[in-house]
Structure formats: structure tokens, C-alpha cells
Amino acid sequence: MEASMPKRKEPGKSLRIKVISMGNAEVGKSCIIKRYCEKRFVSKYLATIGIDYGVTKVQVRDREIKVNIFDMAGHPFFYEGTAQLCCLIVVWRITPVTSEPQVRNEFYKDTQGVILVYDVGQKESFDALDAWLVEMKQDLGPHGNMENIVFVVCANKIDCAKHRCVDESEGRLWAESKGFLYFETSAQTGEGISEMFQTFYLNILDVCEHGGKRPATNSNASFTKEQADTIRRIRNSKDSWDMLGIKPGASRDEVNKAYRKLAVLLHPDKCVAPGSEDAFKAVVNARTALLKNIK
Ligand code: GTP
Ligand code: MG
């Protein structure tokens, strides 16, 4: 099944799209939307109950886009048993709901854009992004297609530099390896917010103007899955042996062989994946450290 997209329209005509925000509780979803739509920041935490719904108009190129924004609650409470009720409350505000079991599927259906948010100072919120995608995929059902939905990842709260624990290359690598847009944002200072929304809407417009399909140039990451996985593995390695992917006590030859393989894969001249330069340096250092101690 193709993702349902608005019908192709003549340039200049207005377009209606549906956008949803997703991510753990307190990562700043509502504040990002508020910062963009109302140009203000609320420092007091007011948890979203169920889903907040709003409509806004934006001008992108020569098109007026009417955006229906569904701002979801991140608290797990709303996804355990009460989810249908919460969705029901919101959807009911737009169109009368006739059959309750379909409400949840109906909610994710016909979405053109997703804003995925995590807090750069909260590793769990970054690690949870995969689960949010799984949740959406499950709810769209076996025929649901997420390929043509535009996803933007917001690494939010970058103003809190002291508490940052997910760095830019880690977030960017996750996003870009999935073909998602990536932006560093702060709802508090406004940094990155309008750039993020502008690029997000431009990408959605491109999809709509290509008959609901993502243009080929936007959908492929410029690095391989093997490169992305290797960078992640290197980041999480516990020592130099582990980093080179060899057993402790391996010979000089084995160290050099493992090093060469990684160097070819990650050399900055060949690999543009976020974090490749640091990973390459770490591999060089690991090799040097190991060879020092092997006779
Ligand atoms: P739920 O509705 O519970 O899912 O949370 P949410 O993701 O919508 O978070 P919300 O926007 O309500 O923000 C949570 C808290 O983080 C609030 O106290 C905000 O003031 C704060 N906050 C949001 N964005 C930022 C930011 O960029 N920087 C800082 N320093 N605080 C932020
Ligand atoms: Mg909220």
C-alpha cells in the first residue's frame, strides 16, 4: 500500500498535510511546536494529555500549506491500555469516530511528516527512538508504508550543553542512516527550530509534488549500513581488542589485519558517515596501543 498522500495539485494551490510529533515524555515536543507556531517558550512542564491537535498555515515556495499538527504525549501511561481512549478524545474533536477499534490505526494513517524528538541530555530518550518507530509501524499494520513519510529528528535542548550525553555525530548517524533529516534544536533559545520546520515542510512538499513518493535523491544515505554499524560498534567497544573486533591476546598480524579492514571501511577520504573521523582515530590509537605491548 502506498502511503496516502494528498492528491497532486497545481503549483500555487493550497495543500493540506498531517504531521505528528513523537518521542519520550519531557523531551520538548510541545515546546518545539509552540516555539515555531507561537514564538514563545514555556519553562514550566505541562505534560500533554493524550494528543494535542492544532492547525497552522505555512508558505513553502509558492504553496500555502495547511498543517494539521498532532502533538502526542510521550508518557508510557498513554500507550498502555488508555491509548485508544486518548486517541478517541482527540480524533473526536476533528471528525466523529464511528468504530472504536480502528481509532488507533486511523490516527497514524495518512501522515505525511513525523517530528521525532529526543533530549540530548537523556540517553534513554535517544535509545527510545527505535521503539517509537516500531510503535508506528505496528499501528500502521502490515500494509502500512513508512517509506514516503518525511521524518525529521530533533536533537533537542542543545542549550543545556553541560548535561549533554548524546553527541551530534551519534544522533546524526542514527537519523541519516535511516534517511531521516537531522537537526540540533533548542525550543528555549529557538536555535535550529525554524530551519528544521522549513526543511521539513520543503521535503514534504517535494514528496507531495512527486505524487506521494519520496524523490530518489532524498531517500538514500550517502554511506553504507556496514559503515554506520561499525561506527556504532566502535563507540560502544569496551577496550582496544574489542574495538578492532579481535580476541585479547591476538598476534601482531591479526591486529594489523583487523586494523587494515577497518581503515579501508572508515578512512575519512572514503567514508562520510557522521562520526567516521573519530572512529577512524580511535582505531588508529587502538592499534598503536596494542602493538606496543605485543612482542
Ligand atoms: P510530553 O507532553 O509529556 O510528552 O512532553 P513534551 O515532549 O511535550 O515536553 P515539553 O515540550 O512539555 O517540555 C518538557 C520540559 O522541557 C518543559 O519543562 C520545557 O520547558 C523543557 N524544555 C523543552 N524544550 C527545551 C529546550 O530546548 N531547552 C530547555 N532547557 N528546556 C526545554
Ligand atoms: Mg507535550
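The values are calculated or read from the model by the stated rules, or taken from the named source; none is laboratory data. Since we're looking at a predicted model, the values are computed, not measured. Every residue, glycine among them, receives a Cβ derived from its backbone with ideal geometry; neighbour counts consider all protein chains shown. Note: accessible area is taken over every heavy atom of the protein model, side chains too, but ligands, DNA and RNA are not part of it. Shrake-Rupley method; radii C 1.70, N 1.55, O 1.52, S 1.80 Å.
Numbers below:
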read-out	value
Residue count, region 190-230 (criterion: in a loop (DSSP other than H, G, I, E, B), loosely packed, with under 13 Cβ neighbours inside 10 Å and without any contact (Cβ under 8 Å) to a residue 40 or more places away in the chain)	1
Considering residues of region 31-74 that are of a type in the set (Lys, Arg) and not in a loop (DSSP other than H, G, I, E, B) only, the residue nearest to ligand 2 (Cβ to nearest atom)	34
Verdict on residue 242 being among the acidic types (Asp, Glu) and surrounded by 12 or more Cβ atoms within 10 Å (Cβ to Cβ)	yes
Criterion (touching a helix residue (DSSP H, G or I) at 6+ places or on another chain (Cβ under 7 Å) and at pLDDT below 95) met by exactly one of 218, 293, 203	218
Matching residues, region 64-73, being in contact with a Phe, Trp or Tyr (Cβ under 9 Å, 6 or more places away or on another chain) and either of a type outside the set (Val, Ile, Thr) or at pLDDT below 90 (or both)	68, 70, 71, 72, 73
Residue that is modelled with the highest pLDDT [pool: residues in region 14-49 that are on the phi > 0 side of the Ramachandran plot and surrounded by fewer than 21 Cβ atoms within 10 Å (Cβ to Cβ)]	26
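To keep it simple, each residue is scored yes or no on (1) open to solvent by less than 70 Å² (accessible area, probe 1.4 Å); (2) under 10 Å from the mean Cα position of the chain (by Cα); (3) within 16 Å of ligand 2 (Cβ to nearest atom).
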site	(1), (2), (3)
124	no, no, no
141	yes, no, no
152	yes, yes, no
159	yes, no, no
170	yes, no, no
175	yes, yes, no
179	yes, yes, no
184	yes, no, no
